[in-house]
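This report refers to the structure that appears directly beneath it.
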Amino acid sequence: MRLFRHPVRPLSPTGRVLLCIALSALAALLLMISPPTRADDSQALKAESPHFFVNSNDPGTDRLPLKATTVEVRIAGVIADVTVTQHYRNEGQRAIEARYVFPGSTQAAVYAMNVRLGERLIVARIREKQQARIEYAAAKAEGKTSALLEQHRPNVFEMNVANILPGDDVAVELRYTELLTPHDAQYGFVFPTVVGPRYNSPQGAAANEKWVSTPTLKAGEASTTAFDLKLTLDTPLALKEIVSPSHEISIEGTGTEHASVALRPDQNANNRDFILNYRLAGDRIESGLMLYRGDTENFFLALVEPPKVVPVRQISPRDYIFVVDISGSMHGYPLDTAKVLLQHLIGGLRPSDTFNVMLFSGSNRMLSPESVPATRANIDQALRTIREMGGGGSTEIVPALRRIAALRKGPDVSRSVIVITDGYVTVENEVFQLVANNLNQSNVFAFGIGSSVNRHLIEGIARAGQGEAFIVTKPEQAAAQAERLRKMIDAPVLTQVKARFQGLDVYDLQPAQLPDVLGGRPVVVFGKWRGEPGEAARGTLLIEGRSVEGAYHSLVSTEGHESQTTAALRHLWARQRVATLSDQEALEGGNGQKDAITALGLKYGLLTQYTSFIAVDQLVRNPNPALAPTVDQPSPMPQGVSNLAIGAEVPGTPEPSAWLALLLVLAILVATIVSRRRG
């Protein structure tokens, strides 16, 4: 039977072109109406987002007021005390307000701020956050030089300095302390220097947070701000293997108990984390108890070395889900590093294991509908796909993890989820809540990839997921970090960990419930203790748990460990308590712990998400404060991060229907070219 009564006449060359145009329009329509499982990248422009810095040709306004940052670090035992000084100088012709968003350590307890204006020293006060803003705005409007320090994340701060007059030199000094916890007998100190550009999801709770909209220099463009860091080390045992994998340094005192470290000149030093690693003689760690007796409260810190890792005789099969960020900020060096890491992680799976891989940016896709056996063929296929992937698009990590949480898992299957990302997002709390509430049947490990990763996200994922955080800054570190993960999963060092004191009245222990020890980290316990004035603390700390060899017990005496040189324990305990409440608030959603965190910040003089430091010079110096523009100090692009990290105009991973439409467009274009040649 003939389909048509009359034969269809061939189209003319013009008709063929018109037909191709019509089909192209249909394919474009398919792209628009195909139901995506991803966020539309263009929507990200509606949220606050970072942007490239554009300098003004106006000589009257100094657009780069931050001239230098100097850092002095004093490490005594396991406690670091850090002084950061930001030097602002106005080389323009009109008064300005300087605004600068900068990073900090995730473990920092920021306890003081001062402003030096000429010969005058202005001591900052701690205030409730909104009250501090009111006082700052009033001082600014009155023409007084003032400074406001706020916390947006535990590792992201903002400094505002108002009424910097032409020719002014203003030095803002902040101080913090932190605990250095060793891992596998290696100590590490990290000083972040730059906040990486954050992708700000329009659906996220932080969509309207102004700090995200910060100017950033283009990749490879050096900052004009000078940076210098000096560090001293005082330890109970001789130091060895003092190295920095991030910067060129000069060292004095290796092999002694006292060493000094300084940055070597002539290096672009403030576009990546400064990292210093060191070991003590004999690969020992400083363990035991530290006690401090205060005026109204007494504090203690316990560091107890865990048992050695013992290889287990029988390895249980496991399911591994790798969640890989391929967004624009991962393009280039970070993604290349992630590929090397994945080659070691996936390549080292056992035949009894199963695995799957998710790639995510603006969308997400699984390499297989379900986990597949770790055969050589499946591993090779996964690695080929990974080697071919490129970076581009936004970073919709929440939908990606939500999809992982929905994956089926048998009741007898032990699953490990490994998240690999630079963490350049603003939805940390949403991620923590999702991991804790929906992935609580899995161990979740997080690998931070790059020179300036968002450690708040990486460490928070690990805490919420009962896992461990890893940082990989260079491809050559990938093999060692992959091996660390395998050892942790195969043989947890200590489980069911409990701490109790005998003979000493203790309270307010932090953390209240001790996590499993998965690697060579010591058991860390903060707390308070009661004791009569003039009487030495006497008692014993008992750490109990289960290791692969059975029951574990460790006793530590308090005698001889009380010292007035450990006053930092007051701030460290409060910082740990704030972190615990912040984690609880993130899991609950909202700001249910605001009052408790505010009270801690005010009582112990700490910077928190609800308390800020405010310093005001009482001298009215600027007669026309309303004419002073606000200048946003730009940050350098983190080392290895490309310009694709700025903006969300680069499309994410298309969904299958979008791929179909794209293939149709490609076929039409080919047909058009062929028809023209034949015509």
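The table for this structure:
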{"item": "For segment 398-554: Kirkwood Rh in Å [reciprocal of mean 1/r, alpha carbons]", "result": "17.8"}
{"item": "Most positive-pole-ward Cα, Val525, Val506, Ala536, against dipole of segment 499-540 from beta carbon charges", "result": "Val525"}
{"item": "Within the chain, percent of DSSP bridges classed antiparallel, to nearest 5", "result": "75"}
{"item": "Relative contact order of segment 351-499, pairs being alpha-carbon contacts under 8 Å that are 6 or more residues apart, as %", "result": "16"}
{"item": "Under 21 Å from Lys498, Cα to Cα: lysines that are on another chain or at least 8 residues apart", "result": "Lys308, Lys528"}
{"item": "Degrees between helix 478-490 axis and first principal axis of the chain (Cα, 0 to 90, nearest 10)", "result": "80"}
{"item": "Dipole magnitude of segment 336-398 about its Cα centre (Cβ charges: Lys, Arg +1; Asp, Glu -1), debye to nearest 20", "result": "160"}
{"item": "Angle in degrees between helix 333-347 and the longest Cα principal axis of the chain, rounded to the nearest 10", "result": "90"}
{"item": "Estimated 222 nm signal from helices in the chain, with DSSP H stretches of n ≥ 4 weighted -39500 (n - 2.57), rounded to 500", "result": "-7500 deg cm²/dmol"}
{"item": "Shape of segment 475-588, Cα gyration tensor, a/c cut at 1.5", "result": "prolate"}
{"item": "Distance from segment 180-211 to segment 444-468 (C-alpha centre basis), Å", "result": "9"}
{"item": "Rounded to the nearest 20 debye, dipole of the chain from Cβ charges on Lys, Arg, Asp, Glu", "result": "2620"}
{"item": "Whole-Å semi-axes of the ellipsoid equivalent to the chain (Cα gyration tensor, √5λ, descending)", "result": "47, 36, 22"}
{"item": "Dipole in debye (nearest 20) - segment 460-531, about Cα centre, beta carbon charges: Lys, Arg +1; Asp, Glu -1", "result": "120"}
{"item": "Ordering of 87-95, 426-434 by burial proxy (mean other Cβ atoms within 10 Å per residue, highest first)", "result": "426-434, 87-95"}
{"item": "Protection proxy ranking, peptides 72-85, 322-335, average beta carbon neighbours within 10 Å, highest first", "result": "322-335, 72-85"}
{"item": "Alpha carbon centroid spacing (whole Å) that separates segment 547-571 from segment 112-178", "result": "38"}
{"item": "Residue (of Leu494, Ala132, Pro369) at the positive-pole extreme of the chain, dipole from beta-carbon charges", "result": "Pro369"}
{"item": "P(r), alpha carbons of segment 64-209 - 10 Å bins starting at zero, rounded %", "result": "10, 36, 33, 17, 4, 0"}
{"item": "Highest average packing first - 48-58, 285-295, Cβ atoms within 10 Å", "result": "285-295, 48-58"}
{"item": "The chain, relative contact order [Cα under 8 Å, separation at least 6], %", "result": "24"}
{"item": "Computed over segment 517-595: relative contact order in percent, which uses C-alpha pairs under 8 Å that are six or more apart", "result": "20"}
{"item": "Qualifying aspartates and glutamates (Cα of each under 17 Å from Cα of Lys339; at least 8 residues distant if same chain)", "result": "Asp325, Asp380, Glu388, Asp422, Glu476, Glu483"}
{"item": "Residues whose placed amide H lies under 5 Å from that of Val156, excluding near-sequence neighbours", "result": "Gly104"}
{"item": "Where the chain is the region considered: accessible area per residue in Å², 1.4 Å probe", "result": "45"}
{"item": "Alpha-carbon centroids, segment 255-283 and segment 345-401: separation in whole Å", "result": "37"}
{"item": "Note, ³J(HN,Hα) from phi for segment 597-608, Karplus 6.51, -1.76, 1.60, rounded to Hz, x at Gly and Pro", "result": "5, 4, 4, 5, x, 6, 5, 9, x, 10, 6, 9"}
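The values are calculated or read from the model by the stated rules, or taken from the named source; none is laboratory data. Since we're looking at a predicted model, the values are computed, not measured. Using ideal geometry, Cβ is built from the backbone for each residue, glycine included, and neighbour counts are taken over all protein chains shown. For the accessible areas, the whole protein counts, side chains as well, though only heavy atoms, and no ligand, DNA or RNA atoms are used. Shrake-Rupley method; radii C 1.70, N 1.55, O 1.52, S 1.80 Å.
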